[in-house]
Amino acid sequence: MAMDLLQRAQHAVDEVAREALESATRAANDRIWIHRNAARIYRERFDDLVAARRVLEQLEPLTGIEWRLAAAAWAEVGDRERATACLERAAGNARTAHDLCTIALGYRDCGFPDEGRLLVDGAEGI
């Protein structure tokens, strides 16, 4: 359902597209990728960073991978501060070497390779 709405938004006229995006985010539940793609469409198709950020503010990540995905979405809208905050939250909750490596990839993807390397070094220690 949400994927169909995202596809409709990608190809519909402006007002119908915006309605489809709003419906997709309402139907997304905890699926971060729906919010991330809706934000991308707002950004790329409508050049509307305000709407993209509004969609991302609805995210409620819980796990390390969810925080990493949320960070990537914030980085895509150019908000490095919010991206960093997500990654710091994830790093603070990391308990295993796998968690640290997952978050390290997030730092790398957001343009912070040194921070990512530090986490990988920490994972090697575990």
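Just how far, in whole angstrom, is the stretch 20-52 from the stretch 54-84 if you go by their alpha carbon centroids?
Using only Cα atoms, the two centres lie 13 Å from each other.
Rounded to a whole number, what % of the accessible area of the chain do carbon and sulfur atoms account for, probe 1.4 Å?
50 percent
Each residue of the stretch 48-61 in order: what ³J(HN,Hα) in whole Hz does its phi give by Karplus 6.51 cos²θ - 1.76 cosθ + 1.60, θ = phi - 60°, with x for Gly and Pro?
10, 5, 4, 5, 4, 5, 4, 5, 5, 5, 7, 5, 9, x
For helix 64-76, what angle does its Cα long axis make with the longest principal axis of the chain, in degrees from 0 to 90 and rounded to 10?
60 degrees
Given the -39500 (n - 2.57) contribution per DSSP H run of 4+ residues, what per-residue ellipticity at 222 nm results for the chain, rounded to the nearest 500 deg cm²/dmol?
Per the formula, -25000 deg cm²/dmol.
Provide the FRET efficiency to the nearest 0.05 for the ASP47-GLU124 pair, computing r from the beta carbons and using R0 = 35 Å.
0.25
For the stretch 1-61, take the alpha-carbon Rg, divide it by the Kirkwood Rh, and send me Rg/Rh.
Rg/Rh: 0.92.
Can you tell me the order of 9-17, 26-34 when each peptide is scored by its average per-residue count of other Cβ atoms within 10 angstrom, highest first?
For the peptides 9-17, 26-34, the packing ranking is 26-34, 9-17.
Note the angle between two axes, namely the Cα long axis of helix 32-46 and the longest principal axis of the Cα atoms of the chain, as a number of degrees from 0 to 90, rounded to the nearest 10.
60 degrees
The values are calculated or read from the model by the stated rules, or taken from the named source; none is laboratory data. Remember, predicted model here, so these are calculated numbers, not experimental data. All Cβ positions, glycine included, derive from the backbone under ideal geometry; neighbour counts span all protein chains shown. Side chains are part of the model used for accessible areas, which takes the heavy atoms of the whole protein and leaves out ligands, DNA and RNA. Shrake-Rupley method; radii C 1.70, N 1.55, O 1.52, S 1.80 Å.
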